[in-house]
Amino acid sequence: MRRAASEFRGRVHKYLQDRLSEGPIHLTLIDPDKVLGGGMTAGDVREVAKALAEAGTDAFLVGGSIGVSESSVDHVVSMLRPAGLPIILFPGNLTGISREADAILFLTLLNSDDPYFIVGAQVLAAPIILRYGLEALPTAYIIVGYGGAAGYVGRARPIPYDRPELVAAHVLAARYMGMKYAYLEAGSGAPKPIPPEAIEAAAKVKGEVTLIVGGGIRRPEQAKEAINAGADAIVTGTVVEKDPMQAGEVVRAIKRK
Ligand code: 1GP
């Protein structure tokens, strides 16, 4: 099947950096398993995506840790297309790669104890990404605290919430490895987001690396706290599924000048 043309193909990194030059950005995460299994219809997803695009979200992330098949990702990407924003894969494994998207967070789970999640999956994924023509965004994925399903499945050794110097050391390592993005992940549905002290410590050493923060952010003030601590990008997922209106408020809080 031929994929639909997208104006963002091959230009997502530039698009994100252009947006970042104007201020912090927001990424809306859609987990195919939660959306398709959670009673949202395709129409609901389209409507929510459109509303969040209007609120100012900058791009969609599509992915999850469990229950994700390539066809479910294809399906969700097609629902998001009409909203007119870049669609970036956020894969938990090889089944999270879809030819329909624009780009992929090429993740290495930096604090995993399992080489598969550090480099094994990446070696298997690389030829598929090339074949599909997806833009790879080199990203260090760093799991902090709760960790959720991503931490469990990825065999991470989550960094304790109260050790900001360890978070900073991982981000600095990511920078020296040449990563373009570092994603501090508290885990989807985390009871509390990454603490501002950890974000501040990471922001001090990140250099040119774009600092993405997600997990447990449900309220506008939590998003603002993360931005004030030095996050470049905020990800919200659970609030989009549970309370789309509130998700819009989080986006507006970040994008308000
Ligand atoms: C999970 O960081 C994302 O990978 C988003 O987390 O679902 O808690 O918003 P939430």
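At a glance:
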| item | result |
| --- | --- |
| Spacing of the two label points (7 Å from each Cα toward its C-beta) at GLU221 and LEU166, in nm | 2.9 |
| Antiparallel bridges, percent of DSSP beta bridges restricted to the range 12-255 (to nearest 5) | 5 |
| Within the range 1-124: Cβ-based charge dipole about Cα centre, in debye rounded to nearest 20 (Lys, Arg +1; Asp, Glu -1) | 400 |
| Listed pairs LYS50/LYS192; LYS14/LYS180; LYS34/LYS242; LYS34/LYS180 exceeding 19 Å between Cα atoms | LYS50/LYS192; LYS34/LYS180 |
| Pair ILE66, GLU7: separation of 7 Å Cα→Cβ label points (nm) | 4.0 |
| The range 12-255 - percent of accessible surface contributed by carbon and sulfur, probe 1.4 Å | 56 |
| Extended-chain gain in nm, criterion 0.36 nm per residue less alpha-carbon gap, ASP243 and ALA173 | 21.6 nm |
| Cα→Cβ-extended label distance, 7 Å offset, between ARG155 and GLU197, nm | 3.2 |
| Net charge dipole size for the chain [Lys, Arg +1 and Asp, Glu -1 on Cβ; Debye, nearest 20] | 380 |
| Cα pair distances of the range 34-76 binned at 10 Å [whole percent] | 25, 54, 21 |
| Viscosity 0.692 mPa s, 37 °C: Kirkwood-radius Stokes-Einstein D of the chain over Cα pairs, µm²/s | 185 |
| LYS34 accessible area, 1.4 Å probe, all protein chains in place, Å² to nearest 10 | 80 |
| The range 136-257, dipole about Cα centre (Lys/Arg Cβ +1, Asp/Glu Cβ -1), debye to the nearest 20 | 180 |
| Per residue accessible area of the chain, 1.4 Å probe, in Å² | 44 |
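The values are calculated or read from the model by the stated rules, or taken from the named source; none is laboratory data. Here the structure is a predicted model, which is why all the values come from computation and not from measurement. Glycine also receives a Cβ, built like all others from the backbone with ideal geometry; neighbour counts cover every protein chain displayed. With ligands, DNA and RNA removed, areas are computed over all heavy atoms of the protein, side chains included. Shrake-Rupley method; radii C 1.70, N 1.55, O 1.52, S 1.80 Å.
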